[in-house]
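Down below is the structure, laid out as structure tokens.
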Amino acid sequence: MGPTVLTATEIAGYLGAGLAGAAYVPQISHLIRAHCSAGISRLAFEVWLLASVLTTARAIAIHAGVFIALGGIQIVATTLIMLYAARYKDMPCPSHLPGPAHGQRATGTGIPGNEPGSWRPADRPVAESATPAEHGGALRAYLPVRHPHSTWPPNFN
């Protein structure tokens, strides 16, 4: 048996598998370093693990090296995420606790909606931006909404 020469698409496939593995690193790192499982859907990762096992079994059966590598990476990473999510269940880190983010403090402007990053239109008073709950309405936040036929980038003029 002679040396195996990889084609350009096989090299690209292995690079893609490596990138897929690298994409898991921030999540796994946060789970381990911060002992934080906030935002992790254990059910979703259980389904992803099953999907990875099934597709990797097929890849092995047809000797598809790139997909075997990708499946192996996904199986290992998903298993790690599931194990650490179970271990740190209900343990959010300070940045995932409700309320102001860790290290932030009130600016003291006294005018809600005027803080940096606020989405309330500057030309509308606070009273127009919500209907008080005691009058049968519910408070509404102004959030940017993308419509299906909107263009990118948005024109804010």
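If you stretched the chain out fully between Ala61 and Val76, how much longer would it get, using 0.36 nm times the residue separation minus the C-alpha to C-alpha distance?
Gain in length upon complete extension: 3.5 nm.
Roughly what would the spin-label model give for Tyr24 and Ala44, points 7 Å off Cα along C-beta, in nm?
Here the modelled spin labels are 1.6 nm apart.
Would you work out if the range 24-86 is rounded, prolate or oblate? Take a ≥ b ≥ c from the square roots of the eigenvalues of the alpha-carbon gyration tensor; rounded if a/c is under 1.5, else prolate when a/b is larger than b/c, oblate otherwise.
Prolate shape, in that a/c is at least 1.5 and a/b is the bigger ratio.
The numbers here are math on the coordinates, done by the rules we state, and not lab data. Since the structure is predicted, the reported quantities are computational estimates derived from the model, not experimental observations. Quick reminder, even Gly has a Cβ in these numbers, built from the backbone with ideal geometry, and neighbours come from all protein chains shown.
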